[in-house]
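The values are calculated or read from the model by the stated rules, or taken from the named source; none is laboratory data. Since the model is a prediction, treat every value here as computed from it, not as a measurement. Cβ atoms come from the backbone with ideal geometry, glycine included; neighbour counts cover every protein chain shown.
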Amino acid sequence: MSTARGEFSSRFGFLMATSGSAIGLGNIWGFPTNAASNGGAAFLFTYILMAFSLAYPALMAELIIGRHTRANAVGALRQLATGPVSRKIGTGVGLAGLITVSLILSFYAIIGGWMMAWMFEAITSMIGLDTASRWLAVDAVPRNALFAVVFLALTIYIVSAGVRNGIEKWATRLMPSLLVILILLIIYVFTLNGAMAGVRAYLVPDFSRVANTGLIVSALGQAFFSLSLGVGTMLIYGSYLSSNENLPQTGGIVVMLDTGFSFLAGLLIIPAIYVALATGVQIYDDAGALVAGPGLIVSLLPTLFDSMGLAGAVVGLVFFALMTIAALTSSISMLEVPVAYTVESLGTERRKTTILIGSAVTFISLTIVFNFGVLFDLVVTLTTEYSQPLLGFFLAIFVGWIWNRNSVLQEVQKGYAGVEHSLFWKIWPFYIRYICPLAILAMYVQ
């Protein structure tokens, strides 16, 4: 690979970047509440099964395509095409991925901005700036617009510095910090009244729920979304990976890091929910279900922190710092997808390109902020429930049916000479050819 294009300097840097992309807000509020609402450890067991049996093969497809082609999502699929029809489909899928990931980033930045606002709210509360604290705590257009812009500015700053000096440098700083903060918060929450009831709700399985179709589809969807599959983020990170790396092993570590973080997030959030219940906070919505999604993070937990006095302000600061870091590590990978495509296709300078594309995403994000009731849920639904699974389906088709099997094998052999005789190669080609497309379609239909 040309050094001008960029390459991760180490496996650790790659793992921190890819796990940063995978580990985001969905792990922290999506996985725990899905688990609590779907049989606790029964959902955890199903999620781990889905992650390794279906999401892992799809992740490997993106990593292998990326490293083989050394190109952005559009260029990579065009390289794999075997004729004019598949070339047009590849171009369409790649461009659709660019649009999808840009739209995901536009609403993700709003949520990341909420996390930053609550982090600063904790700071102003501790130092007695009550007016500023009240302004930061109110869900209003000016606040949301300001912090969406600030969040995207940070993302633009990191991505503009390139692969090694931007993405890798900050991922290797932010991800270890994320883990340390998470573990410290778990230890603290476990000391509070009501936490053990949450632990039981999370870890005691209700195996009668395992065969539930809704649970299976929810676990599969969580696994695919959590690993950022289908929109080219893992493909582009794979293109920056050295040919000496053992891809099956490296991909497995990424999945283990992602599922491990999800498990730890459950150990924090679900006990915290039950701590809130013990303090008199309402944890169920009008339909009798646990409060989930953004409502969990920006309503229930701040109420809990407020009830804890000064200690709550400190915990709130640390918690929302955790959330901001998680959001930022994911947003970096999202912005890199359209930036890489533009730089490689048009030969533009990275810093200017990043600012230009980041500004365009900021404009879309602000449009959503000012039309929140109409656009937010619509954009979320179109991108994550419709577009992302369908793009994942086409990526599986390209690897399983269009790309020559021997070429795939030769690429994987670069970092794992004996892969042809491994369990991975005996199972993976069949999975990516048949099982993954059918599973993704089933999730899409659901």
* **Breaking point among (1) modelled with pLDDT of 90 or more; (2) within 30 Å of Arg433 (Cβ to Cβ); (3) among the small types (Gly, Ala, Ser), for Ser106** => (2)
* Residue by residue through region 155-178, note down the ones that are at negative phi, more than 17 Å from the chain's Cα centre (by Cα) and not hydroxyl-bearing (Ser, Thr, Tyr). => Ile156, Ile158, Ala161, Val163, Arg164, Asn165, Gly166, Lys169, Arg173
* Structure fact -> Pairing a residue in region 351-373 that is in contact (Cβ under 8 Å) with a residue 12 or more places away in the chain and of a type in the set (Lys, Arg) with any residue that is assigned to a helix (DSSP H, G or I) and buried (at least 19 other Cβ atoms within 10 Å of the Cβ), where Cβ atoms lie under 9 Å and the two sit 6 or more apart in sequence or on different chains, gives Arg351/Ser160
* Asked: If you check every pair at least six apart or on different chains, which have Cβ atoms under 8 Å apart with a residue in region 426-438 that is more than 17 Å from Leu229 (Cα to Cα) first and a residue that is of a type in the set (Lys, Arg) second?
  -> Pro429/Arg405
* Structure fact -> Selection over region 39-70 where residues are part of a helix (DSSP H, G or I) and charged (D, E, K, R) yields a count of 2
* So, of the residues in region 125-183 that are touching a residue at least 12 places away in the same chain (Cβ under 8 Å) and acidic (Asp, Glu), which turns out to be farthest from Phe372 (Cα to Cα)? -> Glu168
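Being among the β-branched types (Val, Ile, Thr), at pLDDT 90 or above and within 28 Å of Leu103 (Cα to Cα) narrows it down to one of Ile432, Ile402, so name that one. I'd like the intermediate steps shown before the answer.
Working: Ile402 fails: within 28 Å of Leu103 (Cα to Cα).
Matching residue, one of Ile432, Ile402: Ile432.
Consider Leu182 carefully, then state whether it is assigned to a helix (DSSP H, G or I), within 24 Å of the chain's Cα centre (by Cα) and closer than 28 Å to Asn38 by Cβ. Walk me through it before giving the result.
On the way: assigned to a helix (DSSP H, G or I): yes; within 24 Å of the chain's Cα centre (by Cα): yes; closer than 28 Å to Asn38 by Cβ: yes.
Answer is yes for this residue.
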* If you check Ala96, Ala81, Ala41, Ala51, which single one turns out to be among the hydrophobic types (A, V, I, L, M, F, W, C), surrounded by 23 or more Cβ atoms within 10 Å (Cβ to Cβ) and in contact (Cβ under 8 Å) with a residue 24 or more places away in the chain? -> Ala51
* Check on Ala442, assigned to a helix (DSSP H, G or I), touching a Cys at 6+ places or on another chain (Cβ under 8 Å) and on the phi < 0 side of the Ramachandran plot -> no
* Working only within region 387-419, note down all residues that are under 21 Å from Ser242 (Cβ atoms), over 23 Å from the mean Cα position of the chain (by Cα) and in a helix (DSSP H, G or I). => Ser407, Val408, Leu409, Gln410, Glu411, Val412, Gln413, Val419
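Does region 71-85 include one or more residues that are within 17 Å of Ala22 (Cα to Cα), part of a helix (DSSP H, G or I) and among the β-branched types (Val, Ile, Thr)?
Step one: of region 71-85, the residues within 17 Å of Ala22 (Cα to Cα) are none.
No, the conditions are met nowhere in region 71-85.
Just to check your reading of the model, which residue among Ser160, Ser125 is modelled with pLDDT under 95 and closer than 28 Å to Gly309 by Cα?
Working: Ser160 fails: closer than 28 Å to Gly309 by Cα.
On inspection, the qualifying residue turns out to be Ser125.
Identify, from the list Ser228, Ser218, Ser243, Ser208, the residue that is hydroxyl-bearing (Ser, Thr, Tyr) and either crowded, with 24+ Cβ neighbours inside 10 Å or touching an Asp or Glu at 6+ places or on another chain (Cβ under 8 Å) (or both). Write out each step before concluding.
Details: Ser218 fails: either crowded, with 24+ Cβ neighbours inside 10 Å or touching an Asp or Glu at 6+ places or on another chain (Cβ under 8 Å) (or both); Ser243 fails: either crowded, with 24+ Cβ neighbours inside 10 Å or touching an Asp or Glu at 6+ places or on another chain (Cβ under 8 Å) (or both); Ser208 fails: either crowded, with 24+ Cβ neighbours inside 10 Å or touching an Asp or Glu at 6+ places or on another chain (Cβ under 8 Å) (or both).
Matching residue, one of Ser228, Ser218, Ser243, Ser208: Ser228.
Specify which of the listed residues (Ala122, Ala171, Ala109, Ala140) is farther than 29 Å from Leu241 by Cα and surrounded by 23 or more Cβ atoms within 10 Å (Cβ to Cβ). Give the derivation first.
Values: Ala171 fails: farther than 29 Å from Leu241 by Cα; Ala109 fails: farther than 29 Å from Leu241 by Cα; Ala140 fails: surrounded by 23 or more Cβ atoms within 10 Å (Cβ to Cβ).
Ala122 is the lone residue from the list that is farther than 29 Å from Leu241 by Cα and surrounded by 23 or more Cβ atoms within 10 Å (Cβ to Cβ).
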* To do: Scan region 185-202 residue by residue and report those that are modelled with pLDDT of 85 or more, among the hydrophobic types (A, V, I, L, M, F, W, C) and more than 22 Å from the chain's Cα centre (by Cα).
  => Ile187, Val189, Phe190, Leu192, Ala195, Met196, Ala197, Val199
* Asked: Restricting attention to region 223-251, which residues are in contact with a helix residue (DSSP H, G or I) (Cβ under 7 Å, 6 or more places away or on another chain), modelled with pLDDT of 80 or more and over 21 Å from Ala340 (Cβ atoms)?
  -> Pro248
* Looking at Ser106, is it over 21 Å from the mean Cα position of the chain (by Cα), polar (S, T, N, Q) and over 27 Å from Tyr431 (Cα atoms)? -> no
* Asked: Quick one: in region 9-38, which of the residues that are of a type in the set (S, T, N, Q) and in a helix (DSSP H, G or I) is surrounded by the fewest Cβ atoms within 10 Å (Cβ to Cβ)?
  -> Ser37
